[in-house]
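Beneath this line is the structure, given in structure tokens, with notes to follow.
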């Protein structure tokens, strides 16, 4: 994010050559953006958008249905996920929050989950899925900082659900996450969030 | 075109009823991201028109028989509030006119939304006209485009719409209610500014070939101004980030 980037609009040209860039399309030998995003040097980062499930994504989900052979899981996307009983040793109930890995998706976007772990009681914050990398930060820097300053356990699912336990100052943790979500496209955000957490801790 | 009362002079010395020239668009203000619960939203004030648009999706398509295995289904509901000012609106449910407008707006957006990315889902556009003064379908398209961009739904272009009319024998852009009611012709058009494609085209009244060409040219010019306003509204969301959605007042 340090490099100079500009905000592009849907239909705005990002390159005069046909290029393979995520969230862009090629028309008559030129490349155009499809979303409102930040563009810099062949990389287009969307500023807003729905969650598109990919294999190996770690997501936070809510068990929405207990079925004969497994569980239906709400994943904050248009597509329901299925978690087979074979994949897990625990038993869940409707409403339980889980942290799981996407094993497989197909062209109709049905999601198969695995490696699931039940999350204890906590609060769930729903943010835009494209902001999650910013909330996690480089090598978990941002989320570690929130953990250290609030005493909360924070798990950010790739799908846009962020789970926070109530032991520490979970209100402050949620506020910090909302702050990151609103300012995800700006520079020097880590420092500002650090300053914010410090100032709130004293009060 | 049917209006009530005497037909007023619509064009006096190159000036229109509200003092504009033939190429002038009414003042256009757009604010993006005004609603908390919609995934994308926009509020447009265009002259005396006030239009609010909200977008949901992609989400599970209900009823299931509408669903496509290959793409997202685009749905649109255009609705006029009972207090929007037009005589007989808001009495009960959708009427012939609002169904037609919902349909043409939906079809305009089907051309730009990259729906193949989201099989089995629907993308819903809701447009509420709070106050009307001629040209609400154009304001609706303009607002919905900003709301869709705000929701992050991939599109090939940020589209906008504008109407042109024939008043007292001359072509003029962006007719108000009086010009719509008493003018000789009214022609709303939506463009894809990137390609110049026409995505919505309707016409009331009669025009010659030359007048039509002149109208298209006027609309094309005006659509650039609309695109500017749309882009500015979206940029503002990020230039002045807020944790809460924008308040319309204060």
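Got a sec? How would B:46, A:163 order by Cβ neighbour count within 10 Å, fewest to most? Mind showing how you got there, number by number?
Working: B:46 26, A:163 22.
So the residues, fewest neighbours to most, are A:163, B:46.
Put simply, chain A fits an ellipsoid with semi-axes of 31, 26, 11 Å; these come from the alpha carbon gyration tensor as the roots of five times its eigenvalues, largest first. With a Förster radius of 45 Å applied to the beta-carbon distance between residue A:40 and residue B:213, the computed FRET efficiency rounds to 0.60. Against the longest alpha carbon principal axis of chain B, how many degrees, from 0 to 90 and to the nearest 10, is the axis of helix B:96-110 turned? On a 0 to 90 degree scale, this one is about 60. Which of B:78, A:79 has the fewest other C-beta atoms within 10 Å, and how do the rest follow up to the most? If I rank by nearby Cβ atoms, fewest first, I get A:79, B:78.
For residue B:240 and residue B:202 in the same chain, what is the full-extension length gain: residue separation times 0.36 nm, less their Cα-Cα distance, in nm?
9.9 nm
Going by alpha carbons, how many degrees (0 to 90, nearest 10) lie between the helix axis of B:136-151 and the longest principal axis of chain B? Helix B:136-151 sits roughly 30 degrees off the main axis of chain B. Take each residue in A:4-14, count the other chain C-beta atoms within 10 Å of its C-beta, and the mean is 5.
Peptides B:190-198, B:137-145 ranked from most to least packed, by the mean per-residue count of other Cβ atoms within 10 Å: B:137-145, B:190-198.
Counting only other chain Cβ atoms within 10 Å of each residue's Cβ, the peptide B:35-42 averages 1. Which of rounded, prolate or oblate describes the stretch A:110-185 when judged by the alpha-carbon gyration tensor and an a/c cut-off of 1.5? It is oblate, given that a/c is not under 1.5 and a/b is not larger than b/c.
In the stretch A:58-119, the DSSP beta bridges split such that about 85 percent are antiparallel, to the nearest 5.
Computed from Cα atoms, the angle from the helix B:209-239 axis to the main principal axis of chain B rounds to 40 degrees. The overall shape of chain B is prolate: from the C-alpha gyration tensor, with semi-axes ordered a ≥ b ≥ c, the ratio a/c is 1.5 or greater and a/b exceeds b/c. Across peptide B:147-155, the mean count of Cβ atoms from other chains lying within 10 Å of each residue's own Cβ comes to 6.
Largest GNM mean-square fluctuation across B:127, B:17, B:44, computed for chain B with C-alpha springs under 10 Å, falls on B:17.
Taken together, the values in this text are just the output of simple stated rules run on the coordinates, not laboratory data. This structure is a prediction, so every number in the text was calculated from the model and none was measured. All Cβ positions, glycine included, derive from the backbone under ideal geometry; neighbour counts span all protein chains shown.
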